[in-house]
Amino acid sequence: MFEERLSLIEDRIMVASRRAQRERSEVRLMAVSKGHPASVIREAAATGLRLFGENRVQEFDTKRAELPEGIEVHLIGHLQSNKVAKAAAIFSEIDTVDSLRLLERLSVAASHAHQRIPVLFEIKLSNEAAKTGFAPASVELQQAFEYAVDLEGIEVRGLMTVAPFDANPETARACFRRLHALRDEFTRLHARLNLQELSMGMSGDYEIAIEEGSTLVRIGTALFGSRGART
Ligand SMILES: *Cc1c(COP(=O)(O)O)cnc(C)c1O
């Protein structure tokens, strides 16, 4: 079952890449394993998947002892300030930096641990109250980039967003296009930053995201079934 789903997703990623005249190798597949036990990650890793996404520090901390070597796990959920040190210690990358204050705290935690943490800035491109992220036109986002250029312990690798829930896929497309344009704009403004990652696209909209330049699609349900009710 899992391998069939994976192979279907792989086909679709391939077709979408081709449609956009991109190479398959330009798009990484992140398996979003939140809500599933460590055994599910082991099973997926056994088929060759190497990149996973988890949204809670505590949940991942309890699973990680049972995980195989050689996988990369990113935090893709909101990070609370009291969990920054823990998150910096256990995740390979933090993809949800959504405030200047969090960026500062991560830098301190990384410096103390003599680490360099790769991060993405999360951008909020919808009006949904429940969503987190920097407002795209905010002074805070500009400051975060200016600050990040010389910040110890942090490597800003790009941007991440979650498209709004909307039955019309073109709503997601507009949002992905906007994230891509923002990335290009901040690359022009800060030539020393290497903003290559565009983490966008989930189970319902990853093909559109690939057409719009996504370099990393985050797929949970389409790969593992619905959370809490494994099939
Ligand atoms: C849960 C989650 C995903 C995966 O969502 P699916 O619709 O199950 O593919 C991707 N990104 C983030 C930030 C998530 O929280």
Selected residue [among the aromatic types (Phe, Trp, Tyr) and more than 27 Å from Glu212 (Cα to Cα)] from Phe165, Phe91:
Phe91
Counting just the residues of region 21-79 that are open to solvent by 40 Å² or more (accessible area, probe 1.4 Å) and of a type in the set (Ser, Thr, Tyr), which one comes out nearest to the chain's Cα centre (by Cα)?
Ser25
Cβ pairs under 7 Å, 6+ apart, first in region 1-28 and without any contact (Cβ under 8 Å) to a residue 60 or more places away in the chain and farther than 11 Å from Ile210 by Cα, second among the aromatic types (Phe, Trp, Tyr) and in a helix (DSSP H, G or I):
none
Which residue pairs have Cβ atoms closer than 6 Å, lie 6 or more positions apart in sequence or on different chains, and pair a first residue in region 45-59 that is closer than 14 Å to Ser7 by Cα with a second residue that is within 14 Å of the ligand (Cβ to nearest atom) and in a strand (DSSP E or B)?
Leu49/Ala31
Suppose we filter region 99-148 for residues that are within 22 Å of Ala89 (Cα to Cα) and not small (Gly, Ala, Ser); how many remain?
18
Looking at Glu59, Glu69, Glu43, which one is of a type in the set (Asp, Glu) and within 24 Å of His114 (Cβ to Cβ)?
Glu69
Among the residues of region 89-103, how many are open to solvent by 30 Å² or more (accessible area, probe 1.4 Å) and among the hydrophobic types (A, V, I, L, M, F, W, C)?
2
Are there helices (runs of 4 or more DSSP H) fully within region 140-231 with at least 3 residues that are open to solvent by 10 Å² or more (accessible area, probe 1.4 Å) and more than 13 Å from the ligand (Cβ to nearest atom)? List them.
169-189
If I ask for residues that are in contact with a strand residue (DSSP E or B) (Cβ under 7 Å, 6 or more places away or on another chain) and at pLDDT below 95, which ones from region 125-147 would you list?
Thr132
Going through region 104-126 one residue at a time, which ones are open to solvent by 60 Å² or more (accessible area, probe 1.4 Å) and more than 17 Å from Glu72 (Cβ to Cβ)?
Glu104, Arg105, Val108, His112, His114
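The values are calculated or read from the model by the stated rules, or taken from the named source; none is laboratory data. Just so you know, these numbers come straight off a predicted model, no measurement behind them. In this analysis, Cβ positions are derived from the backbone assuming ideal geometry, glycine residues included, and neighbour counts consider all displayed protein chains. Ligands, DNA and RNA are excluded from the accessible area calculation, which covers all protein heavy atoms including side chains. Shrake-Rupley method; radii C 1.70, N 1.55, O 1.52, S 1.80 Å.
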